[in-house]
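Reviewing the structure listed below.
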Amino acid sequence: MTTPLHVAVVGSGPAGLYTAEALVKQAAALDPPRQVSVDVLDRLPTPYGLVRYGVAPDHPSIKSIAEYLRGVLEHEHVRFLGGVRLGGEVTREDLLSCYDAVVYATGAMRDRRMGIEGEDLPGSYAATDFVNWYCGHPDTGPDAFTMDAESVAVVGVGNVAVDVARILVRDPDELRRTDVSQPVLEALTGSKVREVLAGVDIVVGAGEADPDAFDATASGAALADSDRRVRGNLAVINNWAARIPAGHARRLTIRFWLRPVKVEGTERVSGLTVERTRLDENGRLTGTGELETIPAQMVLRSVGYQSVPLPGIPFDERTHTVPNAEGRVLGPDGAPLPREYVAGWLKRGPTGVIGTNKSDAAQTVRSLLADLAGGAPDGAAPNRVPLVDVLAGRNVATVSYAGWLKVERAEAELAAALGRGARVKLASRDEIDALCWEADVQ
């Protein structure tokens with residue numbers, strides 16, 4: 001009978017937990033079946049990654065994915081170890097000595113910068129920081145943002161940018177039934193942005209709804225004819241462009257064919273200067289030299305996520321991913337490194353939806369199980385010491401799943417006390433930590 005495998009998965013977001021699930025299920029389906037024990041490590045005391053801290057609070061259908069992931073954490077062969085940071089409490093060498101294999105699934109935690117003058121002025125932020133604030137991320141305090149700007153420029157048109165714009169203009173009363181923390185809800189209620197989205201004038205820049213207006217190739221209309229999704233998006237945009245503003249107190253202005261060139265201001269943000277762009281005859285995006293300054297007291301850039309290097313792990317600074325072949329981490333010589341694997345955005349970049357991580361994780365696990373078939377893998381420590389024992393010897397405690405459950409219960413109790421839905425997130429890292437450590441029993 002083959003010996004059980006002990007695998008560490010670094011990261012408890014969708015990529016990490018789908019990896020843990022795939023490890024257990026694929027190993028059980030082998031002939032003969034093989035048992036796998038998985039430790040899921042996370043630097044935070046709470047699991048679920050961007051499902052908990054990156055999805056807007058008014059997206060309950062997406063956040064319900066956490067209930068599915070909860071089932072993974074509650075599997076008898078899966079264990080959660082929170083408060084464990086690679087490069088802090090543990091090293092790469094620790095993991096390789098304590099486990100038969102390691103899967104890195106830490107996602108993409110850093111925002112991309114615009115690289116323009118004034119980007120670091122007070123009032124200019126990464127949209128991810130704003131998302132962390134309204135999602136109650138432990139790294140961001142509830143007082144990180146004061147909503148005193150009358151005009152906000154959001155740079156980007158992706159899901160995060162749309163979420164940020166929607167939270168800025170949404171009626172805070174509609175967020176009372178969500179899990180947004182009470183201090184954040186109060187800040188949004190006191191904000192100068194407090195009209196419901198349905199009561200906001202939506203305006204499209206003059207002529208910018210025409211897909212061929214700034215496209216010398218004249219291919220926009222043809223693309224709309226051939227692609228149903230493009231056609232549907234254009235129909236919505238044209239509807240907005242045809243609206244006559246009703247005079248609401250709030251206005252959402254959507255601009256296209258512009259790129260930021262400078263954040264204006266001296267002591268803090270006062271505006272965003274943009275340049276008109278167009279596609280030339282060869283389909284290349286180019287600036288026209290036509291500039292416009294949009295008044296704004298806050299700028300939120302949402303131009304993409306990037307993964308960050310992990311200590312000692314190969315990293316491609318060009319793609320901001322770990323070099324890999326079907327999930328196998330590749331060394332500087334291009335050969336797979338024994339017993340090291342990668343999954344999720346760290347593997348492929350910030351692409352796809354949450355569910356994309358499931359098939360991605362399955363591929364990585366297939367590679368891992370194929371490599372480790374038939375017993376102890378090459379390089380595995382013959383007398384392995386469990387990681388929790390290594391950490392205990394250093395007086396480092398970990399947050400168990402029991403600790404996380406106490407946070408869950410406290411959030412449900414807070415929601416009941418406030419009369420606010422199923423749960424309300426705790427407002428600070430100190431509150432979370434106090435509950436986790438108090439409840440932790442290994």
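When the helices in the chain are scored as -39500 (n - 2.57) per DSSP H run of 4 or longer and the sum is shared across all residues, what 222 nm value do you end up with, to the nearest 500 deg cm²/dmol?
About -9500 deg cm²/dmol.
Could you let me know the centre-to-centre spacing of the range 254-325 and the range 392-442, using Cα atoms, in angstrom?
Each part's Cα centre sits 38 Å from the other's.
Going through the range 115-153, which GluC sites (Glu not before Pro) have at most 14 other Cβ atoms within 10 Å and a DSSP loop state?
E150
Shape verdict for the range 77-120, please, from the Cα gyration tensor: rounded (a/c under 1.5), prolate (a/b greater than b/c) or oblate.
Judged from the Cα gyration tensor, the range 77-120 comes out prolate (a/c at least 1.5, a/b above b/c).
Counting other Cβ atoms within 10 Å, keep those with at most 13, restrict to DSSP loop, and tell me which GluC sites (Glu not before Pro) in the range 1-79 are left.
Loop-located and lightly packed - E74, E76.
Would you mind calculating the relative contact order of the chain from Cα pairs under 8 angstrom and at least 6 residues apart, reporting the percent as a whole number?
22 percent.
Between E281 and I62, what FRET efficiency follows from the Cβ-Cβ distance if R0 is 30 Å, with the result rounded to 0.05?
0.15
Structure shown: which of K192/K262; K25/K425; K25/K358 lie over 21 Å apart, alpha-carbon to alpha-carbon?
K192/K262; K25/K425
Rounded to the nearest whole Å², what accessible area per residue is found for the range 62-170 with the 1.4 Å probe?
Heavy-atom SASA per residue in the range 62-170 reads 41 Å².
Suppose we take every Cα in the chain and form the convex hull; what volume per residue is that in Å³?
170
Got a number for carbon plus sulfur as a percent of the chain's accessible area, 1.4 Å probe?
So the carbon and sulfur contribution to the accessible surface is 53 percent.
The values are calculated or read from the model by the stated rules, or taken from the named source; none is laboratory data. Not measured: the values here are computed from a predicted model. Cβ atoms come from the backbone with ideal geometry, glycine included; neighbour counts cover every protein chain shown. The accessibility values were calculated without ligands, DNA or RNA, using every heavy atom of the protein model including side chains. Shrake-Rupley method; radii C 1.70, N 1.55, O 1.52, S 1.80 Å.
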